[in-house]
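Values in this text are rule-based calculations from the coordinates and carry no lab data. Note that this is a predicted model, so its numbers are computed, not measured. In this analysis, Cβ positions are derived from the backbone assuming ideal geometry, glycine residues included, and neighbour counts consider all displayed protein chains.
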Ligand code: FES
Ligand code: FES
């Protein structure tokens, strides 16, 4: 049975992958520990537990976040997406499919974090966000080409101890290309 709220714990409702979860958490519980230890959502991995490796990356309101540095109580009222919530039924998310097709992993431990990060990277880039590798950061310049340097820089918060970076880069590039094509197609449909 869940412990009753006290001066050191609170009852929270977390919206994860479109489902509401009610739980009582110690105020010091990280979002990562709540996901893994309380909700059995073990797709999100614990690597360094101090914000250095990106293994615990999830999406909070669509933005990538290291869940080991976020408190579960602070996640209430936000939409959290973990790697378990990316697929559409049996259909993998295009980023997941690209990682699978192009062997964007070896042991797979960093992969959920890499995939969640890549999903957000593609959205951030499409929205025109510059990175430290972007040469022309003026808003009127629009999104920079998603070169390998851009992808490396944007994915640099996600470490892979197996060194699967070459395939990870290829997978992100392919998924980004598919996303751009799909977005372009939709824009053409709406302007036709
Ligand atoms: S476990 Fe969170 S960044 Fe490493
Ligand atoms: S695939 Fe093993 S750590 Fe990245």
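Between 0 and 90 degrees, rounded to the nearest ten: what's the tilt of helix 165-191 against the longest Cα principal axis of the chain?
Around 80 degrees separate the two axes.
So for the chain, averaging the separation of alpha carbon pairs under 8 Å that are six or more residues apart and normalising by length, what relative contact order in percent results?
20
What is the gain in length, in nm to one decimal, between residue 50 and residue 27 on full extension, counting 0.36 nm per residue of separation less the C-alpha to C-alpha distance?
Extra length from residue 50 to residue 27 when fully extended: 6.5 nm.
So how much slack lies between residue 103 and residue 20, counting 0.36 nm per residue of separation and subtracting their Cα-Cα distance, in nm?
Answer, rounded to one decimal: 26.5 nm.
Counting pairwise Cα distances across the range 9-85, what percent come out greater than 18 angstrom?
Result: 27 percent of Cα pairs exceed 18 Å.
Have a look at the DSSP beta bridges in the chain and tell me what percent are antiparallel, nearest 5.
So the antiparallel bridges amount to about 90 percent of the total.
Inverting the mean 1/r over all pairs of different Cα atoms, compute the Kirkwood radius of the range 94-191 and quote it in Å.
Answer for the range 94-191: a Kirkwood hydrodynamic radius of 13.9 Å.
From a point 7 Å beyond the Cα of residue 79 in the direction of its Cβ, which residues of the range 18-62 have a backbone N at a distance under 15 Å?
Counting backbone N atoms under 15 Å from the label point, the list is 18-20, 59-62.
How far is helix 111-126 tilted, in degrees, relative to the longest principal axis of the Cα atoms in the chain, given as a value from 0 to 90 rounded to the nearest 10?
It works out to around 50 degrees.
Given N residues in the chain, what is Rg(Cα) / (2.2 N^0.38 Å)?
Computed over Cα atoms of the chain, the ratio equals 1.10.
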